[in-house]
There are 2 protein chains.
Amino acid sequence: MSAAQPPRLYTFAGGESGAWRMARIDAIAGEPLPEAPRLAIVAGSPAPGGTRWRLRGITSNERYVTRAEKADLVAKQEGLGRTASKCAALIPIRKTAAWWTLPQDERRRIFEESSKHVRIGLKYLPAVARRLHHCRDLGESEPFDFLTWFEYAPGDAAAFDALVAELRASEEWRYVEREVDIRVVRADA
Amino acid sequence: MSAAQPPRLYTFAGGESGAWRMARIDAIAGEPLPEAPRLAIVAGSPAPGGTRWRLRGITSNERYVTRAEKADLVAKQEGLGRTASKCAALIPIRKTAAWWTLPQDERRRIFEESSKHVRIGLKYLPAVARRLHHCRDLGESEPFDFLTWFEYAPGDAAAFDALVAELRASEEWRYVEREVDIRVVRADA
């Protein structure tokens, strides 16, 4: 990677240290993740040790979003790291083998025409900022397919709950076989 | 990975050993790869050493293909490892940053509606068998985005040349910034 490019690979580590204090860690579907007092986020893939769990993910190209949807998202969204974003969530997800064998047009139809994934996300912009990381093609034995990181102000916590509830009620979520919902607050807050 | 699942990650290694003898290695665009007498293909990601270059890729879900296209492909295609397939090609490709920032609908339009990538591939089935490996999301510093492996009988070598020529003349190929064309023959042939 050239020094001029932003990082794409991130490691989320649950353990004794990190800028985020764990508030709650709930297994929504499938196997849970161990409790840990802190969450650290580091660019790259650091050497193992000193944490209870590590999850890696890489940012990548859009898989479903159209030009028009992307324009709507870009016009409304704000970046990570806002001062007011004292709350955050890490939501790792794994989809079923049945999802991954669907052709592109059928995954798109479920993702947006049925589940309105982009449309739901847009309703909560710019309050909820997000970054999506892909795991499935990092290797053969990744425990999750996606890690999504969300940041928001404490006053938007109820809106964030509504956002995830809307998505979990969608057709797309019938294909989610493992999901953990990790809520954190800034350790210095 | 459970023992019951087929491998997804493959390493292609140019060096002194391997089941395939190198016939030709041509840089079509961008930086070449070093010459090597043999090509080995192994499942997984073996420890480095003993080869001149190694390229890794992972099989993954369809990115553009529709249900109807997939049905056409599945009906016509044959698997790797046919006795008559004494010839093969490994074609590593990297696309431009401009390609990867396009939204999904525009990449699909270029891929199929303009470039007829699936339609061209279909014309050469079942003569040319193939397996696509993705590299771009294995990490931040992969030299290629895709490795495609093709197998065919010696009598279909001219047809294979026509297939790659058709694709290279397409709009999609304007987004290819690095491409190496490696032709091999079975070492026991």
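Throughout, read-outs are computed from the coordinates displayed, never taken from laboratory work. Here the structure is a predicted model, which means the values were calculated and not measured. Cβ atoms come from the backbone with ideal geometry, glycine included; neighbour counts cover every protein chain shown.
Looking at residue B:74, is it over 29 Å from residue B:187 (Cβ atoms), aliphatic (A, V, I, L, M) and buried (at least 18 other Cβ atoms within 10 Å of the Cβ)?
Details: over 29 Å from residue B:187 (Cβ atoms): yes; aliphatic (A, V, I, L, M): yes; buried (at least 18 other Cβ atoms within 10 Å of the Cβ): no.
No: the conditions fail for residue B:74.
Give segment B:101-131 a look and list any residue that's closer than 16 Å to residue B:166 by Cα and among the β-branched types (Val, Ile, Thr), or say none.
B:110, B:118, B:120, B:128
One residue is enough: does segment B:20-37 have a residue meeting the conditions more than 27 Å from residue B:176 (Cβ to Cβ) and among the acidic types (Asp, Glu)?
no
Could you say which residue among B:88, B:84 is surrounded by 20 or more Cβ atoms within 10 Å (Cβ to Cβ), away from chain A (no Cβ under 13 Å) and under 30 Å from residue B:187 (Cα atoms)?
Step by step, each of B:88, B:84 is checked, and only B:88 is surrounded by 20 or more Cβ atoms within 10 Å (Cβ to Cβ), away from chain A (no Cβ under 13 Å) and under 30 Å from residue B:187 (Cα atoms).
In segment A:131-152, what residues are buried (at least 19 other Cβ atoms within 10 Å of the Cβ), within 12 Å of the chain's Cα centre (by Cα) and either among the aromatic types (Phe, Trp, Tyr) or more than 22 Å from residue A:96 (Cα to Cα) (or both)?
A:144, A:149, A:150, A:151
Being assigned to a helix (DSSP H, G or I) and of a type outside the set (A, V, I, L, M) is the filter here; which residues of segment B:63-93 pass it?
Answer for segment B:63-93, where residues must be assigned to a helix (DSSP H, G or I) and of a type outside the set (A, V, I, L, M): B:67, B:69, B:70, B:72, B:76.
In this structure, is residue A:38 among the basic types (Lys, Arg) and more than 30 Å from residue A:99 (Cα to Cα)?
yes
Just name the residue that is surrounded by the fewest Cβ atoms within 10 Å (Cβ to Cβ) out of those in segment A:34-71 that are of a type in the set (A, V, I, L, M) and in contact (Cβ under 8 Å) with a residue 40 or more places away in the chain.
Filtering first and then ranking leaves A:41.
Wholly within segment B:7-62, which strands (runs of 3 or more DSSP E) include no fewer than the required count, namely at least 2 residues that are of a type in the set (Val, Ile, Thr)?
Where strands (runs of 3 or more DSSP E) fall fully within segment B:7-62 and carry at least 2 residues being of a type in the set (Val, Ile, Thr), they are B:20-29, B:38-43, B:51-58.
For residue B:112, are the conditions met, namely being surrounded by fewer than 18 Cβ atoms within 10 Å (Cβ to Cβ) and either over 27 Å from residue B:36 (Cβ atoms) or within 17 Å of the chain's Cα centre (by Cα) (or both)? Step through it out loud before you land on a result.
Working: surrounded by fewer than 18 Cβ atoms within 10 Å (Cβ to Cβ): no; either over 27 Å from residue B:36 (Cβ atoms) or within 17 Å of the chain's Cα centre (by Cα) (or both): yes.
Judged against the criteria, residue B:112 is not a match.
For segment B:91-111, give me each residue that is more than 14 Å from chain A (Cβ to nearest Cβ) and touching a Lys or Arg at 6+ places or on another chain (Cβ under 8 Å).
At the first step, the residues of segment B:91-111 found to be more than 14 Å from chain A (Cβ to nearest Cβ) are B:91-93.
The answer is B:92, B:93.
Could you tell me which residue of segment A:119-142 is nearest to the other protein chains (Cβ to nearest Cβ), considering only residues that are among the aliphatic types (A, V, I, L, M) and under 16 Å from residue A:55 (Cβ atoms)?
Looking at the filtered set, the residue picked out is A:138.
I want to confirm something. Restricting to segment A:39-81 and keeping residues that are hydrophobic (A, V, I, L, M, F, W, C) and in contact with an Asp or Glu (Cβ under 7 Å, 6 or more places away or on another chain), which single residue is farthest from the other protein chains (Cβ to nearest Cβ)?
Applying the first criterion (hydrophobic (A, V, I, L, M, F, W, C)) to segment A:39-81 yields A:39-43, A:47, A:53, A:55, A:58, A:65, A:68, A:71, A:73-75, A:80.
Within this subset, residues satisfying the condition of being in contact with an Asp or Glu (Cβ under 7 Å, 6 or more places away or on another chain) are A:58, A:80.
Numbers: A:58: 5, A:80: 18 Å.
If we take residues in segment A:39-81 being hydrophobic (A, V, I, L, M, F, W, C) and in contact with an Asp or Glu (Cβ under 7 Å, 6 or more places away or on another chain), then A:80 is farthest from the other protein chains (Cβ to nearest Cβ).
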